[in-house]
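Undergrad: Structure below; questions to follow.
Here, each number is a calculation from the coordinates, and none is a lab measurement. Source: prediction; values computed, not measured. So basically every Cβ, Gly included, is an ideal-geometry build from the backbone, and we count neighbours across all protein chains shown.
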Amino acid sequence: MATTVWKGHLTFGLISMPVRMFAAARGERISFNQLHKECHSRLKQPLFCPVCNRNVERSEIVKGYEYEKDQYVLFNEEELDKIEPSSARVMEILEFVKLDEMDPLYFDSSYYLTPEDAGVKAYQLLMKAMEESGYGAIAKLTMHQREHIVIVRPGTKGMTLHTMFYSNEIRAAESVPTDKIELKEQEKKLARQLIESLAAPFEPQRYRDEYQENVRAMIAAKLKGQEVTEVAQPHMAPVIDLMEALKKSLAEKQAPAAAAAPAAPAPVGKKPPTRAVQPISSVQKKAGKKATG
């Protein structure tokens, strides 16, 4: 079961409903441990005090803000809890904005917002009203010792919540020099045609992290005492003639359908090749060297 990351009340006007928040996504990647090169033991990072010249237990730790060089104002958890704003327990909707006006650049983390039993009707009412009006809710929420501005919007199976960056946290984009660039109408037409030839429904399940797949294949190969081949990297030549590159790209996409027909099914019991790193046994490698020698 998903872990609750925040629990409290969502309010708008005089309407209040108890809700919970769950993380909507998490990155999945292989992590490596740091080992001692000599003995392959896993390294530890103890908390060490250079003044007392000893390791420190977590119970001995306090928080400190450095206001001058080596000068700190000290805090403990109880003091920080005392200054929590009301948004630590109550998520108040401040205003509603049109969803199509929201710039995704401001979105940070995503969560599912679900109602407790006592708040189901009010939750459904708010979600339906936002869905029909095209509005999303801007609210305040405090968690992990930080007050966030959030956007709450209706989803297919409930409301989703996104924490947002504050405007001062958004870095200014470098301006793209466009005043000296002249685009031909034929270039724009071919670019639009190429976009249309690559258009497809949004199906995120089709995309994979091939780098992580290659890491897993490498781990499996090393566990079997095998070596791995290097993945071939494409050579990107500079585009000299933009019009010619557009025409060639479009021609590749408009090749006869017969050329793109599905391949015949592989024989039963034979696995199709994988795009991940291909392991090669050291025996095969030695045999190959003898054959070429």
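Undergrad: Among F107, A137, M127, whose Cα projects farthest towards the positive end of the dipole of region 46-165, with charges put on the beta-carbon of Lys, Arg (+1) and Asp, Glu (-1)?
TA: Farthest towards the positive pole: M127.
Undergrad: Using the C-alpha gyration tensor of region 114-165, what are the square roots of 5 times its eigenvalues, in whole angstrom, with the largest one first?
TA: 21, 14, 8
Undergrad: Per-residue counts of other Cβ atoms within 10 Å, averaged by peptide: what ranking do you get for 196-206, 214-224, 182-192, highest first?
TA: Peptide ranking by packing, descending: 214-224, 182-192, 196-206.
Undergrad: Still on this model: Would you calculate the separation in nanometres between label points at V97 and K157, each defined as 7 Å from the Cα along the Cα-to-beta-carbon direction?
TA: Result for the modelled spin labels: 2.8 nm.
Undergrad: Further, regarding this structure: Could you grab the Rg to Rh ratio for region 144-208? Cα atoms only, Kirkwood for Rh. Mind dumping the intermediate values first?
TA: On the way: Rg = 19.9 Å, Rh = 17.4 Å.
Looking at region 144-208, the ratio lands at 1.15.
Undergrad: Calculate the dipole size of region 1-156 relative to its Cα centre from +1 charges on Lys and Arg beta carbons and -1 charges on Asp and Glu beta carbons; express the result in debye to the nearest 20. Kindly include the intermediate steps, with their values, before the conclusion.
TA: Details: 19 positive and 23 negative charges, 120 e Å.
Using only the charged Cβ atoms, the result is roughly 580 debye.
Undergrad: So, one more: How large is the Kirkwood hydrodynamic radius of region 1-81, in angstrom, based on all distinct alpha carbon pairs?
TA: Hydrodynamic radius (Kirkwood, Cα pairs) of region 1-81 is 18.6 Å.
Undergrad: Order 151-162, 17-28 from most to least packed using the mean count of other Cβ atoms within 10 Å.
TA: Highest to lowest by the protection proxy: 151-162, 17-28.
Undergrad: What is region 94-218's relative contact order, in percent, from Cα pairs under 8 angstrom and six or more apart in sequence?
TA: Numbers: 113 pairs, mean separation 30.3, N = 125.
That works out to 24 percent.
Undergrad: Among 82-92, 241-251, 129-139, 42-52, what's the highest-first ranking by average C-beta atoms within 10 angstrom per residue? Don't skip to the end; give the middle numbers.
TA: Numbers: 82-92: 14.5, 241-251: 12.9, 129-139: 16.5, 42-52: 7.9.
For the peptides 82-92, 241-251, 129-139, 42-52, the packing ranking is 129-139, 82-92, 241-251, 42-52.
Undergrad: Right, here's the next one. Give me the orientation-averaged projected area of the Cα convex hull of region 30-149, in nm², one decimal.
TA: Directional mean of the projected Cα hull area for region 30-149 stands at 14.5 nm².
Undergrad: Please label the shape of region 62-208 as rounded, prolate or oblate, based on the square roots a ≥ b ≥ c of the eigenvalues of the alpha-carbon gyration tensor (a/c under 1.5 means rounded; beyond that, a/b larger than b/c means prolate, else oblate).
TA: oblate
Undergrad: Over the Cα atoms of region 51-113, what is the Rg over Rh ratio if Rh follows Kirkwood?
TA: 1.17
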